[in-house]
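Contents: one structure, followed by commentary.
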Amino acid sequence: MLRSLGQRPVTGSGEDPRVAELRTAVSRLRRELAAHPREFPDRSIAEDELAALAAMVADGTPEIPRLRRSLLLIAGSIGSVSALRGGLSEVRAAVDMFGPPPLGRPGSAPVH
């Protein structure tokens with residue numbers, strides 16, 4: 001069966017699996033950040049944006065532009081902390097499941 005772009009099957013609970021994946025990735029990165037022993041200048045920004053992402057997925061229908069903005073802020077604030085790179089990659093992959101950023105728009109630059 002063919003599906004249109006952007007349509008995803010729902011899980012048995014009726015939840016969009018993209019939302020479930022994002023919830024899991026955000027939760028993991030929040031735990032990793034909380035357990036990270038070193039302070040760094042933008043840690044509070046990462047914590048705030050992860051909390052915002054958690055709230056968005058709790059509602060079940062996150063706004064894609066807001067997801068991308070949060071991802072960029074998180075990546076900018078913890079991108080140099082190598083211990084958190086795996087969790088950040090998972091969050092990015094989960095956000096990307098909602099579709100690629102529009103070309104030539106803010107937030108369209110890749111996050112590494």
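The values are calculated or read from the model by the stated rules, or taken from the named source; none is laboratory data. Keep in mind it's a predicted model, so treat the numbers as computed, not measured. Note that each Cβ is placed from the backbone with ideal geometry, even for glycine, and that neighbours are counted across all protein chains shown. These area figures cover heavy atoms from the full protein model, side chains too; ligands, DNA and RNA do not enter into them. Shrake-Rupley method; radii C 1.70, N 1.55, O 1.52, S 1.80 Å.
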Note to self: Restricting to the stretch 57-70, give me the number of residues that are open to solvent by less than 30 Å² (accessible area, probe 1.4 Å) and part of a helix (DSSP H, G or I).
What the structure shows: 4
Notebook entry, point to check: Quick one: in the stretch 61-93, which of the residues that are of a type in the set (D, E, K, R) and more than 16 Å from P17 (Cα to Cα) is nearest to the chain's Cα centre (by Cα)?
Noted result: R68
Next item on the list: Please determine, by comparing only the residues of the stretch 1-56 that are part of a loop (DSSP other than H, G, I, E, B), farther than 17 Å from M97 by Cα and among the hydrophobic types (A, V, I, L, M, F, W, C), which one is modelled with the highest pLDDT.
Entry: F40
Notebook entry, point to check: Here is a list of conditions, (1) open to solvent by 60 Å² or more (accessible area, probe 1.4 Å); (2) without any contact (Cβ under 8 Å) to a residue 12 or more places away in the chain; (3) not polar (S, T, N, Q), and A83 meets all of them except one; can you say which number that is?
Noted result: (2)
